[in-house]
Structure formats: C-alpha cells, structure tokens
Amino acid sequence: MKFGKELASQRVQEWQETYMDYKHLKKLLKNIFKFRQRNALPSSASRGGFFRRKSTLYRSFSGLTDRDNCMIQGEDEVILVHQAQPENSENDVFYQTIFLKPSEDGAENEIHFFKILDKEFNKVLRFYKEKVEDVTLQAVELSKQMDTLLALRIEVHIPVMEQNGNHQEVGSSTPEPEGDDPVNGRHEEEPAMNVVQELGTSQENASVWPVSSGSLGPVNIKIEPKRALTTLGRIIKSTKKSNLAFRIEQLRRAEEKLRRAFIEYYQQLGLLKGYRFLNMSAFTKILKKYDKITSRNASSSYLQIMDKSYLGSSDEVNKLIGRVEATFVKYFSNGNRRKGAKLLKPRNKMEKHRTTFVLGILTGCSVALVIGIIVSVHARGLIQHEGREQYMNNIFPLYSLFGFIFLHMFMYGINTYLWRRFRVNYPLVFGFKSGTELGFREIFLLAAALSVLTLVAVLSNLDMEMDPRTERFQKLTELVPAGLVMVLLLTTFCPFNIIYGSSRYFLIRCTWHCLFAPLYKVTFSDYFLADQLTSQVIKVQAFRSLQFYICYYGWGDFKRRSNRCLESKVYEIFYIVVAVIPFWSRVLQCLRRMFEEKDLMQGLNGLKYFSTVAALVIRTIYDFRRGTFWKIMAASSSGVTTIFNTYWDIVMDWGLLQRKARNPWLRDKLLISNRAIYFAAIVLNILLRLVWMQLVLDFHEAPFLHRRAMIALVACLEILRRGIWNFFRLENEHLNNIEKCRAFKLSPLPFDRGDDNVL
C-alpha cells in the first residue's frame, strides 16, 4: 500500500484537518518533476557523484562551532531552516525555510513547496503541542481523582473490617492504602476522608456526597442514578441515607466511572502517539521524494530541525502512557498486568466469514419463501377469495408490524455500510463501547433472520387455513402472529449475553431513557432513537399495530377473525396517546437540553415536535370523525408542521442550504463528491414529507390496492425517508466533530472537588 493511502486509512478522522497535507505536497512535487523534465534539468541519474563531491571543495566554511542556534545549514546548502517566535506570543514558535538557490530555473516551484511544507509543519506542531498540554492537565485532574478514591476506600474499608472482623475489601480492585502513585510520581500516605451526609440533587440529578479532608478540601461524589424513580424521588424530596451499605454501593459506582475515565484517557494518549508517528513519517517521506526528484540533499537539514522541535523531542505522551498503565494495573486490576493491558487497549472488531455465510443462506431462504407465498396466493386465488377483506382487516396489520421492523433494520444496515464507506465514525457519535458496535453484515443478518421467521409464519398460516386437515386447529392458526411477537420479545429481552447482547442492552437502555425523559441526561443516541420512533408513528402503524395486537387478542374474537376495536372509545383514546408518546418524549428531551446547555435552539426544536403532536392529534380525530371542519384543521396543521419539520431537517439536522458556503446552497465540507446527490436528497425528503396529504385527502385506497396495503406502502415510504435522513444527519454530526477536533468522548468524573474540573 502506498504511504498516501496508508496515511488516509490510519489517521484519526476527527483530526484529519490537522494532519500534514501529504496529497497536496505530493502534487507540488509532481509539478517540480514535470518542470525539470520539460526543461531537461539534470537529475540524479545524470549528475555524477564525482562532480557532487568536487563542488563541496568550493563551498564556504561554516566554522567548527554552531554560530547560530536558530539556523541549521544543510550539507549542500540548499535550505536554511529558521526558528522564529511571534511577537504576540511568548511560548509559540514557528519554522521558516529559506531556499538558497532562487536564481535557478524552476526555483519558484521549490520555494512554494517549502513554503507549504513550513505551513503544514507549523500546523502539526501547534496542534500536537495543544493536545499534549490538554492531556497533561487531564493527568493532573485524574491524579486528584485517584487521591480522593484511595482516601474513600480507606474510609469505607476500615469500618467494614471492624464490623466483620476480617479483611473484607470494598471491590475486586481495592489496593493497598498507600504506595507509589505513577500518575503524579508521589509516595505518601493517602489522607483519610470522612463522609458526612448526602446532599440534595445537583443540576445533573446526581447523588452527591460531600467529603472533607484537611489536604484535599471538600469533595462531592456525583453518581447518575440508574433508576428513573430514584431520580424522580430526589427531585421531589431529598433523602438522607448514611448507612454503610449505601456508601459501599456509591463507592463501587464511583470506581467504575473512574476506571472508565482511565481507559478513555489511555486511548486518547494512544491516538496522540499515533498522530505524532504518522506525521513524522509523512514529513520524512515527502522530503525523501523531494531529494529524489531534485537530486538535492535538503531532507537532512529539515529533518534535523524537526527532530529538535517539540514534535520530535517531546516525550510527555510516552511517559504518561507508562504511568497510566502502571496506575491502572495496580489500582484497577489487582496488579494483573495482562488483565490491565487487555482492558486498556481498544478492542478491534473482527469480521467473521460465518456471518456472511449464514447471511447468504437466510437471504436465499427469504427469497424462496417470498416466491412460495406468491405462488400459493395465485394458485389458490386468494386475491379474489371471499375472506380477503377479513384477512386484510385482521391478519395483515399483525404481520405488517414485522415488515416495518425489517425495513427499518434494512435501512439501518445500508446506513451503516455507507457510514463505513465514507469513514463516518458512527461508533463515536452513538457512544458504543469499543468493539461492540454492529457492522452492516450483522444488521443484515438479524434482518434476514426476522424476515425468514415472518415469512415462515405467513406461509404456515396460509397453509393451515386452507388445508382441510388442519381446520380443527383454527385457534392455533390464529395464534401464529402472537407467537411470533413472543419470540421477538424473548430474543430482545434475553438476559444472556447471546445474539449481540451488548447491542440489545444498549437499545433497551436508550428506549428506557426515551420513555422516561427528561429524568435521564440526554445523549445523541437517546434522541436519535426517539426520532426513529417518531417515524414509526407519524405515517407508520408499527406502534398502533402493537396496540392492535392487545385489542385483537384481548378483546376481539380472534378465533373468528373479527374485532370491534375501532368502535371502542377507549381504543380511540389510546390510539392517540400511543402515537403522541414518541413526540412528547422528544419535547421533554429538548426542554432538558435547553436548560442544561443553555441553548435556545433546543427550545425551538421542542416547539417543532409540539406542533407535530398537535397536528397528529387533529389528524387522528379526523380519521375517526370526518367532517369538513376537521379536514380543514388537519390539512392546515399538517401543512404548518410539515414546513417546519422540512426546514429543520435540511438546515439544522443536515446543515445544508448555506448560500455562502464553499459548495453553494450546501455546506463547506461534503463527504460525497457528487453534489447532485445532496440536492436529490433534499427534493426527495420534501416529497416524502408530503405523504401526509394522502391521509387528509382520502387517498386511502388505489384500484389495485387494499386500504390496508395503501397505508403500509405509505409507511414504507416514511421509513425510506428516515433512512435517508439518518445518513445525512450523522454526516453532519461527524463533520461537526471534525471541526471541533473531537475524536473521543470523555466520561464524567465521579468526584467534584469544588474547583474547575478539566475533564
């Protein structure tokens, strides 16, 4: 692999603007090479070593001592690299190269090359120095956090031993009370600290324990509650628990948060170390190419000054890596170096061939089952069967639920493939643990498995219904869809770590946070999932299909395929409530973010979802009651919210329609080179947003489609729109991370010392 491709594949995507622009410098070297070829200038093959050695006899003598520490003179006197200091800064330095042969032909190309080279070197040097300063400050804060943790371990550990009469430890990683602290290099006895009492809820709804110490000062333990009811109870009333068991549980959770912070900090140091290595290699490669093209020896002078610069001589990152490793092994893995190293290093996800193999088998089975269903329907004339209307009103909505879930999973799999194709760091954006995120193959595998189960159920239901030998099993036949729902729920909530357990738990946790918003701190994955759920309501009947399951099997006569759900007033009320839940969850999430982040735009976003709630309620009432008044109200409210939502999708969520951008009416940076795709996505999003018109204008049934089938088709179009929205929404978030050079997320620290925290 060429170095340019290797650099592009190994660099941190969120820092890509800060790397040396190897591609541009290589292009400048090509221009120099073409000029020298066109003008027949001597190359390395035509310039003999004898003449090169002879020319050195006539060069000026530079003396036996270094006359200027800021100047390094090359062996062939091709360049002089000058180190200067800006007038408005006392610490920053920059490097400037002087080309010593400006009278030669084509010298302007080489002068321009070194000018750009200096610019790139100063850019890399400045960024690296800033990052080293940041991680150094973070190391100081982590040292303080470790001091507090060790003091609290002593405070909780000693009473436990006194009560139990033995040396019981607080956690599996409890160390000795004193020893060397590799982070700050101190060796001292850790001060004991006293837990006084629990205070009320902080701004983040965290339980806070004030701790006092003569040397460390007042310290608060902040732990996010795991239960929504716990948070709600602390908002209403401040509880006071000071028993030892409560303190041990709080300490264990604080240890877990600090352990996670150490792991993320270690991985950050690894990224910074790789950044330095790649850039040093890039400068070495490009200078060697320059020497080869021009037959000069400029690389030695430049590399010499680069080795003496902060980029080449700084060793703080390597020292911090060693100290963090020693600290983590000692305090969080009981001195087990192998275990500590395994926890610290990021897990690389390995692609498995069996996943592709099983995916191919399931896809083939799905195709065969679809063909079998089509043949069965046409061979038995089920389209014109007298029970067609009964089947479409009772059975089709039950199975359509799985079709909606499959299509959503399929679109997410396509999104995942495209995100990887265009190097969007979606695991960072969603907050997945390293190595646990699902790739597009795994997502397609789950979708194919769901499709096989659903199609088998549909085909078996048809066969059992039409076969005279199984007519007496009519009750069992009608329970097939319910059994399929039970299989799906049991798989989702399976307590064992199988079938991608970490991803299932992540989905369940995010769903729980959405249902109990705003009691939990809002993350990107939470409101992203809530947006997906809104698509399953606004035009998709997935949530209402779940409600129909309860009504059909609970109060309907499923043995005779009949129900009176739509005739029930209670069903009508819940029909509206179920549809409103995801949108109301987004309203509450926006309100919490507005108060926490002091961002008024989140208030406008909440107003957008509130307008959608109003339009959805009015439109649902119109579906039940009809009438000109409700039709006008439904059309006007839906029109307003559609315009509002469409503008927010394109401008706020996608970051497009910027008139003065580098790409007119799009944005400055684009991951897809073909700009027409963005305009096509804008037009398609607008058209699919207008699908609500079929609900208002009574386009419920086409000549060749049943009303239920028409609703399902509209539902699929909404899922398609949401899939398109997902890609460009994450692209915009990824570009925002690049702009802010945000390559990782920092876990909140457990202790608040009353001063300004770095992390």
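Here, each number is a calculation from the coordinates, and none is a lab measurement. Because the structure is a prediction, the values reported are computed rather than measured. All Cβ positions, even for glycine, are placed from backbone atoms using ideal geometry, and neighbour counts span all protein chains on display.
At R0 = 35 Å, how high is the FRET efficiency between Ser434 and Phe574 if r is their beta carbon distance? Nearest 0.05 is fine. Write down the numbers at each step before the final one.
Details: r = 42 Å, r/R0 = 1.19.
That pair, Ser434 with Phe574, gives E of 0.25.
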Original post:
Taking segment 397-512, how much of its Cα-Cα pair set, in percent, is spaced more than 23 angstrom apart?
Top reply: 41 percent
Original post:
Length gain on complete extension for the stretch Arg347 to Leu489, per 0.36 nm per residue less the alpha carbon to alpha carbon distance?
Top reply: 48.2 nm
Original post:
Between Thr284 and Arg625, what FRET efficiency comes out of the Förster formula 1/(1 + (r/R0)^6) with R0 = 60 Å and r the beta carbon distance, rounded to 0.05?
Top reply: 0.20
Original post:
Label points 7 Å out from Cα along the Cβ direction at Thr355 and Ile508: separation in nm?
Top reply: 2.2 nm
Original post:
Hey, what do the phi angles of segment 265-273 turn into as Karplus ³J(HN,Hα) couplings, whole Hz, using 6.51/-1.76/1.60 and θ = phi - 60°, x for Gly and Pro?
Top reply: 5, 5, 5, 5, 5, x, 4, 5, 5
**OP:** Report, by chain and number, residues whose modeled amide H sits under 5 Å from the one on Thr97, excluding near sequence neighbours (fewer than 5 apart, same chain).
**Re:** His82
**OP:** Taking H placed 1.01 Å from N in the peptide plane, check which residues at least 5 places from Leu666 or on another chain put their amide H under 5 Å from its amide H.
**Re:** Leu657, Gln658, Ala661
**OP:** Please work out, to two decimal places, the log10 of the ratio I(q)/I(0) at q = 0.13, 0.23 Å⁻¹ from a Debye calculation in which every Cα of segment 394-453 carries one identical scatterer.
**Re:** -0.41, -0.91
Original post:
Once phi is turned into ³J(HN,Hα) by the Karplus curve 6.51 cos²θ - 1.76 cosθ + 1.60 with θ = phi - 60°, what whole-Hz value does each residue of segment 140-153 show in order, with x for glycine and proline?
Top reply: 5, 5, 5, 4, 5, 5, 5, 4, 5, 4, 5, 5, 5, 4
Original post:
Considering every Cα-Cα pair within segment 603-741, what fraction, in whole percent, is farther apart than 28 Å?
Top reply: 29 percent
Original post:
Residue by residue, what Karplus-based ³J(HN,Hα) values in Hz, rounded to whole numbers, does segment 333-346 have, using 6.51, -1.76 and 1.60 with θ = phi - 60° and x for Gly and Pro?
Top reply: 9, 6, x, 7, 5, 5, 5, x, 5, 5, 6, 6, 6, x
Subject >> Packing-based exposure ordering (other Cβ within 10 Å, fewest first) of Leu749, Leu488 >> reply: Leu488, Leu749
**OP:** Sort His408, His378, His385, His82 so the one with the fewest other Cβ atoms within 10 Å of its own Cβ comes first.
**Re:** His378, His385, His82, His408
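In what sequence do Arg259, Arg338 fall when counting other Cβ within 10 Å, fewest first? Please list the in-between numbers first.
Working: Arg259 20, Arg338 9.
Sorted ascending by nearby Cβ count, the order is Arg338, Arg259.
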